[in-house]
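Q: Encoded as structure tokens, here's the structure I'll be asking about.
Please treat every number below as a calculation from the coordinates, not as lab data. None of these values were measured; they are calculated from a predicted model. Here the Cβ positions follow ideal geometry from the backbone for every residue, glycine too, while neighbour counts run over all protein chains shown.
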């Protein structure tokens with residue numbers, strides 16, 4: 001079990017819509033963000049040695065970290081790449097809790113939008129399909145249902161994020177771009193609409209219980225911009241120092257594969273930059289390497305945490321999984337092969353109806369791929385999801401999603417201690433999407449072979465020092 005010295009509430013992440021075939025046309029979601037960002041950091045003056053940092057209570061074990069400061073005063077904390085071969089925690093072989101929505105006479109879950117732990121260990125489940133939030137006790141018993149579909153106070157049009165501040169539940173509605181606040185008994189209290197002069201449609205990204213609401217806003221002909229709002233929706237500040245996100249575009253193809261507009265090459269194996277609350281500020285990543293940036297509450301860059309390679313590693317190296325491939329000195333993802341591209345193409349063809357496959361094949365006729373997979377992030381989540389990529393555990397560790405080079409293999413999350421050291425990885429089943437890490441373990445969404453959604457909780461066990469990742 002994961003110990004809980006700080007009792008910091010974990011919050012669920014936002015979730016977006018998955019493009020679907022509509023009428024006689026095929027809609028494909030194509031991200032414009034380049035998959036080959038350089039992930040560069042300010043030049044570092046290397047330290048003379050590695051200082052072994054003690055792990056705070058609840059963390060797995062100490063890992064040597066070399067500390068240096070660059071000419072801008074940014075602290076650089078470097079972990080040897082051997083940590084990529086370690087497990088930070090070992091999850092239980094099977095879930096300690098599995099909910100399908102039918103407890104106490106309830107209905108099966110329908111399009112889950114987000115999950116969060118409550119301050120008492122309860123579980124909040126935002127259900128997009130039924131426009132409601134279900135609250136379950138830690139043992140799975142259903143406590144109450146909050147909200148319903150509609151436009152009025154306490155009603156929802158689309159559920160994409162939720163979290164707790166004390167015993168108050170905050171629920172984001174992405175259709176009306178507003179946040180509904182409920183008290184500890186599930187009674188509606190008020191609603192707020194995040195606004196700010198730096199953009200429009202301020203969309204919930206995550207909740208920082210001590211700071212405010214992290215959002216992403218649209219701007220005309222520009223990337224999405226991060227911002228911070230208070231709990232009344234009032235703007236605090238834009239956060240241009242966090243990595244911007246290129247907005248996706250929709251390309252419409254008919255069954256023949258013809259398009260009414262110029263079609264760019266299909267860019268594959270790209271990961272969007274990510275950010276989330278961490279400590280007294282924020283953490284972010286962008287680029288292909290195992291590098292995380294730590295920002296103050298004002299968005300200013302304070303530290304860079306990176307993993308340093310001493311040389312190429314063999315095909316079986318790394319807690320990334322058994323996909324293999326060499327990695328360069330920057331500790332990035334493995335090399336993309338023709339086999340990877342062919343497998344991705346086959347997955348795309350299987351995802352559409354037979355009459356749509358000629359259009360999909362034409363879309364895949366021109367492909368643009370990076371030389372290496374990204375190290376962090378993900379291309380997309382399950383249907384209706386834009387899952388969290390960065391989480392802070394209740395023990396204050398930073399969890400960052402590893403890029404899934406093969407969606408059919410296990411999911412990897414990297415765990416950094418509060419001292420900036422990479423502790424190792426935690427692996428999950430292929431069709432599991434992590435949303436929160438609390439005292440009880442890792443909470444997420446599981447899809448079975450029939451795409452039925454369940455909420456599952458895995459217990460986490462601390463791994464002894466120098467324990468290699470299980471293959």
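Q: Can you compute the modelled spin-label distance between residue 371 and residue 448, with each label point 7 Å from Cα toward Cβ, in nm?
A: Reported label-point gap for residue 371 and residue 448 is 4.6 nm.
Q: Say R0 is 35 Å: what FRET efficiency, to the nearest 0.05, do residue 280 and residue 222 get from their beta-carbon distance? Present the calculation step by step, with values, prior to reporting the outcome.
A: Numbers: r = 29 Å, r/R0 = 0.82.
Computed FRET efficiency for residue 280 and residue 222: 0.75.
Q: So how do 447-458, 204-215, 364-375, 336-347 stack up, highest first, on mean other-Cβ count within 10 Å? All intermediate terms of the calculation are to be shown ahead of the outcome.
A: On the way: 447-458: 16.3, 204-215: 23.2, 364-375: 18.6, 336-347: 14.2.
Listed from highest to lowest mean packing, they are 204-215, 364-375, 447-458, 336-347.
Q: What ranking, highest mean first, results for peptides 420-427, 117-124, 437-444 when packing means the other Cβ atoms within 10 Å averaged over each residue?
A: Values: 420-427: 25.1, 117-124: 19.4, 437-444: 23.6.
In decreasing order of mean packing, 420-427, 117-124, 437-444 become 420-427, 437-444, 117-124.
Q: A further question follows. Please state the shape class of the range 365-460: rounded when a/c is under 1.5, otherwise prolate if a/b exceeds b/c and oblate if not, all from the C-alpha gyration tensor. Don't skip to the answer; put the middle values down first.
A: Working: a/c = 2.26, a/b = 1.19, b/c = 1.90.
It is oblate, given that a/c is not under 1.5 and a/b is not larger than b/c.
Q: Here's another thing I want to ask about it. Can you tell me how much longer the chain between residue 148 and residue 230 gets when fully stretched, taken as 0.36 nm per residue apart minus their C-alpha distance, in nm with one decimal?
A: On the way: separation 82, 0.36 × 82 = 29.52 nm, distance 2.53 nm.
Value of the extension gain: 27.0 nm.
Q: If you stretched the chain out fully between residue 338 and residue 302, how much longer would it get, using 0.36 nm times the residue separation minus the C-alpha to C-alpha distance?
A: Values: separation 36, 0.36 × 36 = 12.96 nm, distance 3.95 nm.
Length gained, residue 338 through residue 302: 9.0 nm.
Q: Which length gain, in nm to one decimal place, applies between residue 94 and residue 350 when the Cα-Cα distance is subtracted from 0.36 nm times their residue separation? Write out the running numbers ahead of the final one.
A: On the way: separation 256, 0.36 × 256 = 92.16 nm, distance 2.88 nm.
Full extension from residue 94 to residue 350 adds 89.3 nm.
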